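To start, the structure under review is shown below, and the notes come after it.
The values are calculated or read from the model by the stated rules, or taken from the named source; none is laboratory data. Please read these numbers as outputs of a predicted model, since none were measured by experiment. Cβ coordinates were reconstructed from backbone atoms using ideal geometry, including for glycine residues, and neighbour counts include every protein chain displayed. Side chains included, ligands, DNA and RNA excluded: accessible areas come from the protein's heavy atoms. Shrake-Rupley method; radii C 1.70, N 1.55, O 1.52, S 1.80 Å.
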Amino acid sequence: MGRYVLRRLLQLVPVFLGTTFLIYFMVWALPGDPLAGKCGDQACPPAFIERMREEYGLDQSIFVQYATYLGNLLQGDFGENFRGQEVATLIANAYPVTIKLAVVALVIQAVIGLAAGVLTGLRPGGFLDNVVLTATLFLVAVPVFVTGYVLQSVLGLRLGLIPPTVPADPGLLDLIVPGYVLGSLSLAYVARLTRTSIAENLRADYVRTATAKGLTRRRVVGVHLTRNSAIPVITFLGADFGTLMGGAIVTEGIFNIRGIGGLIFGSIQRLDGVVVTGVVVLLVIVYLLANLVVDVTYALLDPRIRLD
Amino acid sequence: MRSTRVAALLALSLSSALVLSACGGGGGGTTGDAQGAPTISVYGTEPENALLPGNTREVGGSKILDALWSGLVDYNQQGEPENAVAESIESPDSQNWTIRIEEGWTFHDGTPVTATSFVDAWNFVALKTNAQSSSDFFSNIAGFDQVNPAEGEPTAQAMSGLRVVDDRTFTVALTAPSPIFVSTLGDVAFYPMPESFFADPAAFEANPIGNGPFRYEARVPDQNVTVTRFEEWGGEQPVSVGGVEFRFYADSEAAYQDVVSGNLDFLESIPGSFLIDNLYQQDLADRNGNQPYAGINTMTFPIYDQRYADPQLRQAISMAVDREAIINNVYNGLVQPATGFVPEGVPGKVDDQCGELCTFSPERAKQQFDASGFTGPIELISNVDSAINREWMQAACVSISNTLGVPCNFVPVPTFSEFLDQRRAETLTGIYRTGWVVSTPTMDYVLRPQYTTGAANNNSGYTNPRFDDLVDQGSTAATAEEANALWAEAERVLIQDMPSVVINDQSAQFGWSPRLQNVELTYGRELDLESVTVQE
């Protein structure tokens with residue numbers, strides 16, 4: 001397994017180079033001038049623009065800019081954005097918030113999704129199954145921004161149960177509603193995935209064997225059935241964690257959470273390639289590592305799977 | 001493999017994630033204090049540059065600078081300058097000015113505000129090698145062309161027109177008389193700087209020191225800037241609030257929700273979706289306001305495009321726009337139709353300069369349009385990433401199309417920066433959105449940067465020597481009255497040429513939390529931090 005992990009880690013290198021260049025190039029190729037908003041509605045004086053272009057290397061070709069950027073990055077220097085802020089500081093401020101949010105979302109979707117899936121999978125076609133089927137269908141059909149705005153204005157604005165936005169340095173409790181909004185779509189998938197998997201495995205040989213051996217139903221369902229049925233769900237949750245880390249742009253925007261999603265969105269708008277690339281580098285690494293963890297977890301869940 | 005190991009593994013990863021996320025938890029409250037006085041939170045956006053007066057021209061930064069600094073003059077509600085740090089600003093001929101500073105003003109580090117604080121700051125901003133964005137503000141001071149020549153390196157380090165007489169007095173010599181010189185002095189560009197800035201600019205950027213009612217406390221990138229009351233402030237009124245948090249939002253809708261629920265104390269521009277049916281007046285009953293400010297919405301013709309070169313055609317399109325309908329349908333009647341190129345609230349503005357040419361006159365518009373021989377569809381272009389630009393431009397399009405009987409297409413440009421780029425490159429082939437907010441309350445500041453030949457914001461290619469001449473004469477007139485008369489004359493020239501269609505004067509809709517009282521906007525459309533009070 002050690003060699004497998006090492007091989008997977010080595011694969012990170014070309015992926016890393018490829019993504020950083022692509023991202024850098026794409027942001028650079030966006031139309032518009034990154035210095036446009038510097039002087040409000042008015043035009044900036046030429047001397048000011050000239051110095052900014054020089055300071056940020058905008059007068060050089062994209063390849064020189066990228067090479068300089070990569071060189072600095074390899075020395076651990078994420079560079080500065082066009083406002084003169086350290087990108088490393090921005091990431092360090094934003095990342096913990098996003099991790100918290102992703103973990104809250106992941107826990108919510110894992111707990112509710114798995115529970116709903118197991119309960120319905122054991123009695124397919126029952127009343128509960130139909131309720132969950134309808135509920136998940138609804139969740140899948142409603143886009144995240146609708147869920148977000150509705151919960152925000154109903155719970156926050158009209159009923160006053162929660163503050164409409166999340167404070168700058170949020171605790172886990174502050175993040176429950178945004179975490180639910182963020183995780184709601186995947187929650188539906190987890191529930192359905194688990195249900196199908198459980199319903200299928202319910203008729204599997206090993207379940208019959210376990211029951212025949214005289215094991216209690218709780219042990220059959222809790223250990224044998226759920227553990228084996230969890231494999232596709234774990235794959236999904238692992239990949240989803242990567243997505244949650246970067247894809248929270250809408251949710252973070254609605255609840256004014258100062259996380260990675262907002263940072264990426266704002267930086268794309270401001271054509272701040274250095275920030276976008278820096279954040280995406282981290283996201284790529286997180287995504288690849290999350291997938292690696294998923295693959296390793298397979299072997300733990302099912303001894304028949306070997307990693308070589 | 002035992003199931004307990006799996007459980008342990010999952011438990012471990014979960015708990016470490018929880019521990020990790022619990023680090024640095026806890027909330028940042030809004031009630032810090034300076035001698036027990038309450039702190040308020042105000043909507044803001046991340047400043048584009050370091051907090052330096054000479055290098056800030058956008059609202060996000062200047063809002064904070066206005067709390068940290070006090071200038072020589074301040075503007076009252078009518079846009080007239082009133083002395084602040086200045087004791088007197090006098091001139092026998094509008095060209096050679098003597099400025100005397102009031103006693104008792106100090107910077108936040110305890111050093112006194114002297115004549116040198118101003119002269120050195122101005123020279124620093126004007127010097128070309130410092131590449132400050134406000135350098136042009138000093139262009140009418142004698143010696144500016146030596147420190148900031150159009151071509152090549154500066155030949156002097158300081159402007160010859162600035163001279164320190166004594167600790168509290170300095171003189172300014174202009175290249176020509178300027179009746180409105182005093183009116184320009186309230187701009188952020190003219191704020192004084194303490195000695196420590198010149199010794200170590202980088203340290204200063206990290207910890208700005210001003211002479212205003214509030215001193216800098218802390219800044220978290222993309223989150224907020226906090227300031228606390230400066231007890232030795234030289235200004236008159238006692239300031240009631242103990243500190244201000246300028247809280248940055250990516251999205252003003254979230255800020256609006258926070259104001260309604262009392263989580264944020266002040267928002268100076270209600271987002272467009274809550275202006276519909278005046279929803280904000282229900283959400284914020286007894287805590288909202290609507291106040292006109294000196295700004296104007298316009299649509300500008302690409303005069304560099306031969307199709308739009310005929311002034312008769314441009315007048316026809318102006319008369320084809322039903323301003324009342326736009327204002328009622330899009331702005332719920334919260335703004336006023338524009339009656340000239342100079343917005344309401346600028347001293348010296350002459351009422352109803354434009355007359356029929358800026359009024360919906362369908363018959364005359366159609367007649368004049370047909371005579372012009374214009375063919376093909378009309379295009380209206382705007383960025384669509386902020387405010388309600390899309391909505392009013394589309395409404396204008398409908399009205400033009402209905403009146404003139406030609407197809408009109410609205411062409412969206414996704415972002416403002418892209419739109420500005422295309423404007424400056426003169427690649428726009430249709431009528432494009434423009435707007436102007438007056439930060440220096442003079443007619444000169446409306447006419448010169450937008451419409452004189454080759455001006456930085458004149459991207460349409462409009463040129464008329466007579467207009468340029470009148471604006472220049474106004475700028476060097478002996479008295480403000482004379483100047484205003486000349487500028488009004490220039491505005492009439494502009495109306496005949498019609499390089500832009502004026503739509504409406506602007507108005508700010510703002511809201512506040514139940515905590516605030518005595519809420520007023522300054523001339524610059526910010527919360528007046530000096531007069532606002534808090535009720536706990």
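Looking only at the range A:67-87, count every residue that is in a helix (DSSP H, G or I), more than 11 Å from every other protein chain (Cβ to nearest Cβ) and touching a residue at least 60 places away in the same chain (Cβ under 8 Å) and tell me the total. Residues that pass the stated criteria total 2. Of all residue pairs spaced 6 or more apart or on separate chains, those with beta-carbon atoms under 8 Å, a first member in the range A:224-240 that is without any contact (Cβ under 8 Å) to a residue 40 or more places away in the chain and a second member that is part of a helix (DSSP H, G or I) and surrounded by fewer than 21 Cβ atoms within 10 Å (Cβ to Cβ) are A:HIS224/A:TYR206; A:HIS224/A:VAL207; A:HIS224/A:ALA210; A:LEU225/A:ASN201; A:LEU225/A:VAL207. Is it true that some residue in the range A:219-239 is in a helix (DSSP H, G or I), at the interface with chain B (Cβ under 10 Å from one of its Cβ atoms), of a type in the set (A, V, I, L, M, F, W, C) and within 15 Å of A:ILE108 (Cβ to Cβ)? No. As a summary of the residue check, B:VAL239 satisfies the conditions (1) open to solvent by less than 40 Å² (accessible area, probe 1.4 Å); (2) within 14 Å of another protein chain (Cβ to nearest Cβ); (3) over 28 Å from A:GLU252 (Cα atoms) except for the one numbered (2). For the range A:179-195, the criterion of being within 14 Å of another protein chain (Cβ to nearest Cβ), within 30 Å of B:GLU245 (Cβ to Cβ), surrounded by fewer than 20 Cβ atoms within 10 Å (Cβ to Cβ) and within 25 Å of the chain's Cα centre (by Cα) is met by no residue. Can you tell me how many residues within the range A:255-278 are among the aliphatic types (A, V, I, L, M), at the interface with chain B (Cβ under 10 Å from one of its Cβ atoms) and crowded, with 24+ Cβ neighbours inside 10 Å? Residues meeting the conditions: 2. A count restricted to the range A:19-66 and to residues that are free of Cβ contacts under 8 Å to residues at least 24 places away in the same chain and polar (S, T, N, Q) stands at 3. Checking B:ALA478 against (1) part of a loop (DSSP other than H, G, I, E, B); (2) touching a helix residue (DSSP H, G or I) at 6+ places or on another chain (Cβ under 8 Å); (3) touching a residue at least 24 places away in the same chain (Cβ under 8 Å), only one condition comes out false. Which one? Among (1) part of a loop (DSSP other than H, G, I, E, B); (2) touching a helix residue (DSSP H, G or I) at 6+ places or on another chain (Cβ under 8 Å); (3) touching a residue at least 24 places away in the same chain (Cβ under 8 Å), B:ALA478 violates only (2). Per the listing B:ALA254, B:ALA202, B:ALA218, the residue uniquely within 14 Å of another protein chain (Cβ to nearest Cβ), in a strand (DSSP E or B) and free of Cβ contacts under 8 Å to residues at least 60 places away in the same chain is B:ALA218. Note on the range B:380-394: among residues that are more than 14 Å from chain A (Cβ to nearest Cβ) and open to solvent by 30 Å² or more (accessible area, probe 1.4 Å), the one that is nearest to B:ILE276 (Cα to Cα) is B:GLU391.
On inspection, B:VAL125 qualifies as within 16 Å of B:LEU185 (Cα to Cα) and either touching a strand residue (DSSP E or B) at 6+ places or on another chain (Cβ under 8 Å) or among the aliphatic types (A, V, I, L, M) (or both). Residues considered: A:ALA115, A:ALA135, A:ALA105, A:ALA110. Of these, the only one that is within 11 Å of chain B (Cβ to nearest Cβ) and either part of a helix (DSSP H, G or I) or of a type in the set (Gly, Ala, Ser) (or both) is A:ALA110.
A:ALA94 fulfils the conditions (1) facing chain B (nearest Cβ under 10 Å); (2) more than 18 Å from A:THR243 (Cα to Cα); (3) under 24 Å from the mean Cα position of the chain (by Cα) except for a single criterion, (2).
Among the candidates B:PHE419, B:PHE410, the residue that is within 25 Å of B:GLN506 (Cα to Cα), away from chain A (no Cβ under 14 Å) and of a type outside the set (Gly, Ala, Ser) is uniquely B:PHE410. So, in the range A:46-61, of the ones that are open to solvent by less than 20 Å² (accessible area, probe 1.4 Å) and modelled with pLDDT of 85 or more, which residue ends up farthest from the other protein chains (Cβ to nearest Cβ)? Checking each candidate, the answer is A:MET52.
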